[in-house]
Amino acid sequence: MRAVIITIAGALALCAACKDEGPRPDVPDAARADAAVDAPAACLDPQGSPAGCFRQETCEPEADLDFLNGCTDGSCVAYDNAARLPLYNNGTLPPLP
Amino acid sequence: MMRRLLFPTVFLAGAAPAAAAPCSELPNPIYGLGGSASKPTLARISKALASLPAPDTATIVFQAPGACLGIYAVLNNTTITGTASYWDATGVEKTCDLPAAGQVLDFANMANSAVLCPLAPVPLPPDVGDYEGSVNTINLIVPVASSQRSISAAAAYFVFGFGAQGQAAPWTVESEIAIRDSNSAVQQLLGATINVPASKFAFGVNALSQNGSITRVASSAQPEAAIGFVSGQAADVARATVRTLAYQHYGQSCGYLPDSTETSFDKKNVREGRYFIWSPQHFFAKKDPVSGEIVRPEARKLIGYLTGTVALPAGFDLLRYQIESGEVPRCAMKVWREGDLGRLSRHTPAKACHGFFESLTGGTAARACPNGPRDCTASAPACNFGYCEVQ
């Protein structure tokens, strides 16, 4: 029984390394993927909640960040990456060890 | 390329001495295998199925050794042995004994698609079907005694990808970081979200299960340093001991909870696209490659209920069970995505259930229509599940 389990665990570990594990986050947050920086200025509300939010009522959201940064009357809790993460480096994150 | 592993005895590792009743003697057993993230929903559905009269009565018999192990077993025709969970008509979880020679599976279930499981072929072979269920979230949790309220994708990248070296205070004590293994759906989905492959969560302690993560985080002697991640269903039922952190994705300007507040259950930020980490449940079963019909009758019936291809028996209120167990049915979503964590898009359900969902979760009051569509107005003329909807 033990031999079977060890053999299976070994096979799983070996084959897990076969798969593409995706890109590493070596680009700044603001430039990532489909950031809302491409949204027309009229679609962003500097007085909205949160500030600079995407106006989904008047503009058609197309990118993930148009939804994620959509204006809302709900509450949110911001996390200040630059202030709290010594290794943040303006969003250019180091590769995984 | 198919990387097929033949390991028909893999689950013998978890086999316990025979002590319970045979699973085969339960009413119409439906055998499943997968992760623990979906167990609350399966439990609720199984309770309802067990309460139905013949011939609709049924019993879901489920083992939860890990999400990816379910799809691997379907792919490889692996049988299951040992003991399994089932739920009686009162909803109590019990165990039964599987045949020593092995029981053929009816379905596999997990919170992610097969793409994130490294041994599964992409695409799946034509004799394996992938059927989507309702939505569940992945929640980052801390003890209620912690002062922390939010976390960003970058912070989670440092916590789970670097441990103490990541310097993402206060989560720098590796013995207080609860992780899972690379077969876990919650680790697969969180890893894909923050760009830490599930196999590289090397800094932390494997809590082994959803309940293990809850217990480990909740009972930490250093609550400010403790952190873990579980399914939304698990986090919701443990709110007395753990708190879900607001999550701020890469490029997002603020962090959001799945719900509108710490005390609500409305999943407002999931349904409207501000909370990033969610995925529909996936059910897998063998199917006829030509007709597309699910091969095993019991799986065909259960998955048919979930996908709407089989009429629900009288008294079987599936939508209610899904909502009450903490999931969001697709008909209550205002955004959708294709694939694991795929691009978001607006979603207009063909038969919306926003009002019904909110009636059960304490969201915005919707107009009820106890007398049918004549109770509704022109702006929301359809009467769906007792509430007026646009369509």
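Would you confirm whether any residue within the stretch A:52-65 is at pLDDT below 50 and in a loop (DSSP other than H, G, I, E, B)? No: zero hits. Restricted to the stretch B:185-210, and to residues there that are on the phi > 0 side of the Ramachandran plot and more than 12 Å from chain A (Cβ to nearest Cβ), the residue that is modelled with the lowest pLDDT is B:Leu208. Under the condition of being in a loop (DSSP other than H, G, I, E, B), closer than 30 Å to A:Glu60 by Cβ and more than 11 Å from every other protein chain (Cβ to nearest Cβ), the residues counted in the stretch B:224-264 number 1.
Would you say B:Arg320 is outside the structural domain of B:Pro223 (by TED's automatic domain parsing), among the basic types (Lys, Arg) and within 19 Å of the chain's Cα centre (by Cα)? Please lay out each step first, then the result.
Numbers: outside the structural domain of B:Pro223 (by TED's automatic domain parsing): yes; among the basic types (Lys, Arg): yes; within 19 Å of the chain's Cα centre (by Cα): yes.
Answer is yes for this residue.
Whenever a residue of the stretch B:42-69 is part of a helix (DSSP H, G or I), its partners that are among the aromatic types (Phe, Trp, Tyr), lying with C-beta atoms within less than 6 angstrom and at least six residues away or across chains, give the pairs B:Leu42/B:Phe62; B:Ala43/B:Trp87; B:Arg44/B:Tyr321; B:Ile45/B:Tyr321; B:Ser46/B:Trp87; B:Lys47/B:Trp87; B:Ala48/B:Phe316; B:Ala48/B:Tyr321. The residue that is nearest to B:Asp259 (Cα to Cα), among those in the stretch A:54-97 that are surrounded by fewer than 22 Cβ atoms within 10 Å (Cβ to Cβ) and of a type in the set (Ser, Thr, Tyr), is A:Ser75.
For (1) within 23 Å of B:Arg44 (Cα to Cα); (2) touching a strand residue (DSSP E or B) at 6+ places or on another chain (Cβ under 6 Å), each residue gets a yes or a no:
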position	(1), (2)
B:Ser220	no, yes
B:Pro223	no, yes
B:Gly228	no, yes
B:Ala240	yes, no
B:Leu245	no, yes
B:Ser253	no, no
B:Ala299	yes, yes
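All told, B:Val122 meets the bar of being in the same structural domain as B:Gly304 (by TED's automatic domain parsing) and free of Cβ contacts under 8 Å to residues at least 24 places away in the same chain.
Looking at B:Arg337, is it buried (at least 17 other Cβ atoms within 10 Å of the Cβ) and either over 24 Å from B:Arg274 (Cβ atoms) or not assigned by TED's automatic domain parsing to the domain that holds B:Lys268 (or both)? Judged against the criteria, B:Arg337 is a match. Counting the residues of the stretch B:113-132 that are in a strand (DSSP E or B) and surrounded by 22 or more Cβ atoms within 10 Å (Cβ to Cβ) gives 1.
Among residues of the stretch B:357-391 being over 28 Å from the mean Cα position of the chain (by Cα) and hydroxyl-bearing (Ser, Thr, Tyr), the one that is nearest to B:Ala332 (Cα to Cα) is B:Ser379.
For the stretch B:273-292, give me each residue that is more than 7 Å from chain A (Cβ to nearest Cβ) and part of a loop (DSSP other than H, G, I, E, B). Scanning the stretch B:273-292 gives B:Tyr275, B:Ile277, B:Asp288, B:Pro289, B:Val290, B:Ser291, B:Gly292.
Take B:Thr377 and decide whether it is out of contact with any Asp or Glu (no Cβ under 9 Å at 6 or more places or on another chain) and within 14 Å of chain A (Cβ to nearest Cβ). For B:Thr377, the condition - out of contact with any Asp or Glu (no Cβ under 9 Å at 6 or more places or on another chain) and within 14 Å of chain A (Cβ to nearest Cβ) - is not met. Can you find even one residue in the stretch B:193-203 that is under 21 Å from A:Asn81 (Cβ atoms), in contact (Cβ under 8 Å) with a residue 60 or more places away in the chain and under 21 Å from the mean Cα position of the chain (by Cα)? Yes, the stretch B:193-203 contains at least one residue that is under 21 Å from A:Asn81 (Cβ atoms), in contact (Cβ under 8 Å) with a residue 60 or more places away in the chain and under 21 Å from the mean Cα position of the chain (by Cα). For first residues located in the stretch B:140-169 and surrounded by fewer than 24 Cβ atoms within 10 Å (Cβ to Cβ), partners that are basic (Lys, Arg) and lie 6+ apart or on another chain with Cβ distances below 7 Å form the pairs B:Val144/B:Arg243; B:Ser146/B:Arg243.
The values are calculated or read from the model by the stated rules, or taken from the named source; none is laboratory data. Just so you know, these numbers come straight off a predicted model, no measurement behind them. Don't worry about glycine lacking a Cβ; one is built from the backbone with ideal geometry, like all the others, and counts go over all protein chains shown.
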